[in-house]
Amino acid sequence: MNVSYNKLWKLMIDRKMNKSDLRELVGIGTNTLAKLSKDQQVSMEVLMKICSKLNCDISDICEFVEGEKK
């Protein structure tokens with residue numbers, strides 16, 4: 001089972017944000033942003049920070065998907 005952050009990218013488009021805006025707002029590093037971009041696992045702490053700053057639930061930013069890793 002893999003993780004997908006497509007919901008996060010759609011939410012950011014709806015809010016007219018880019019990845020740099022997200023990084024600055026949440027206070028995450030470029031490596032963490034790169035992991036998100038590649039649908040790699042990040043810590044629960046990072047996901048909680050994103051949800052807190054975007055005022056949303058974790059199910060609004062990520063989901064588990066079936067299949068092999070990219």
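The values are calculated or read from the model by the stated rules, or taken from the named source; none is laboratory data. It should be emphasised that the depicted structure is a prediction, and the values quoted were computed from it without experimental measurement. Note that we place each Cβ from the backbone using ideal geometry, even for glycine, and neighbour counts take in every protein chain shown. Only protein heavy atoms, including side chains, enter the accessible area calculation; ligands, DNA and RNA are left aside. Shrake-Rupley method; radii C 1.70, N 1.55, O 1.52, S 1.80 Å.
A few points about this structure:
- Per residue, the solvent-accessible area of the chain (1.4 Å probe, heavy atoms of protein chains only, all protein chains present) comes to 70 Å².
- Accessible surface of Asp21 - all protein chains present, 1.4 Å probe, nearest 10 Å²: 70 Å²
- One chain, two ends: Ile13 and Asp39. Fully extended at 0.36 nm per residue, the span grows by 7.6 nm beyond their Cα-Cα distance.
- With the gyration tensor restricted to C-alpha atoms of the chain, the semi-axes of the equivalent ellipsoid amount to 19, 13, 12 Å, longest first.
- Accessible carbon and sulfur surface of the chain relative to its total accessible area, %, 1.4 Å: 49 percent
- Taking GluC sites (Glu not before Pro) in DSSP loop conformation with at most 12 other Cβ atoms inside 10 Å as exposed sites, the chain has its longest uninterrupted site-free stretch at 1-65.
- Cross-link partners of Lys16 among aspartates and glutamates, defined as those whose alpha carbon lies under 20 angstrom from its own and excluding same-chain residues fewer than eight positions apart: Glu24, Asp57, Asp60.
- Theoretical ellipticity at 222 nm over the chain - DSSP helices of four or more residues, -39500 (n - 2.57) apiece, nearest 500: -14500 deg cm²/dmol
- The chymotrypsin sites (Phe, Trp or Tyr not before Pro) found in the chain include none that occupy coil by DSSP while having at most 12 further C-beta atoms within 10 Å.
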